[in-house]
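Shown next, in structure tokens, is the structure this report addresses.
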Amino acid sequence: MAGGDSDASGHRERLRARLLSGGGDAFHDYELLEYVLGLAIPRRDTKPLAKRLLAEFGSFPALLAASPAELSRVEGLTEGAAAALKFVEATVQRTLRTAALDRPVLSGWQALTDYLHASMAHRVTEEFRVIFLNNRNVMVRDEAMGSGTVNAAPVYPREIVKRALELGASGLVLVHNHPSGDPSPSRDDIQMTKQVVEAGRPLGLSVHDHVVIGRTGHASFRALGLL
């Protein structure tokens, strides 16, 4: 057992040295993951667990997006290791969210979509969110306004407009994900967007875009000529 502990420790030291000297680009996903797991499970070879997790969830982003309940069903993944993964996810999302907040949304569109993709693309249920903007198009709030089953999230246009007035917002970016992976807008998506636009127009509230997030990309209503 002692020899196994020593081997795992030596392997992690080599991984750490590689990362500090050359950065993370040369690492496989399983190597990055095994080091994170090793911080929470220090006396075990975590490479087999890392490879099994990636095989089960399909990708590093999908693994990080998994719920604590989903992670708890994986044999060998301790509560501490599951928490470490959720801390990594929270750190990534905080970094991307900060980048999106540092500039007007419409001139930093890539930063916003990077943040939204990281936080929504791998959810197994649909979530509807609204980015509320001030008169300088800077984000004042990012709020979930509805969640549902794998293919439906209830959305109430009046509630969106009411919340915008409470926040003193003058613009909106509507966002939701498609758990199917295909970001193409549905007929219901188009109809609901029209209802929000019509509800906000008399109050001077502009809907700048509606973004649909899929696993491999996103669809913009404005780019598609739907707004």
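Residues considered: Arg141, Arg163. Of these, the only one that is out of contact with any Phe, Trp or Tyr (no Cβ under 7 Å at 6 or more places or on another chain), basic (Lys, Arg) and not assigned by TED's automatic domain parsing to the domain that holds Glu89 is Arg163.
Of the residues examined, Glu31 is not one that is over 23 Å from Val173 (Cα atoms), at pLDDT 90 or above and acidic (Asp, Glu). Restricting the first member to region 189-216 and to residues that are in contact (Cβ under 8 Å) with a residue 12 or more places away in the chain, and the second to residues that are among the acidic types (Asp, Glu) and not in a strand (DSSP E or B), the beta-carbon pairs closer than 8 Å and six or more apart or on different chains are His210/Asp189; Val212/Asp189; Gly214/Asp182.
Candidates Leu64, Leu54, Leu37, Leu49: the one that is under 12 Å from Leu77 (Cα atoms), touching an Asp or Glu at 6+ places or on another chain (Cβ under 8 Å) and at pLDDT 85 or above is Leu49. Checked against the criterion of being under 20 Å from Phe27 (Cβ atoms) and of a type outside the set (Phe, Trp, Tyr), the candidates Ala82, Ala99, Ala66, Ala62 yield just one match: Ala62.
Only residues that are surrounded by 12 or more Cβ atoms within 10 Å (Cβ to Cβ) and touching a Ser or Thr at 6+ places or on another chain (Cβ under 8 Å) were counted in region 186-212, giving 8. Against the criterion of being over 21 Å from Glu70 (Cβ atoms) and not assigned by TED's automatic domain parsing to the domain that holds Asp209, Ala99 qualifies. The residue pairs whose first member lies in region 37-50 and is outside the structural domain of Ala84 (by TED's automatic domain parsing), whose second member is surrounded by fewer than 22 Cβ atoms within 10 Å (Cβ to Cβ), and whose beta carbons are closer than 8 Å, counting only pairs six or more residues apart or on different chains, do not exist in this structure. The condition of being modelled with pLDDT of 85 or more, surrounded by 14 or more Cβ atoms within 10 Å (Cβ to Cβ) and of a type in the set (Gly, Ala, Ser) holds for only one of Ala90, Ala8, Ala81, that being Ala81.
The values are calculated or read from the model by the stated rules, or taken from the named source; none is laboratory data. None of the values given here were measured: they were computed from a predicted structure. Cβ coordinates were reconstructed from backbone atoms using ideal geometry, including for glycine residues, and neighbour counts include every protein chain displayed.
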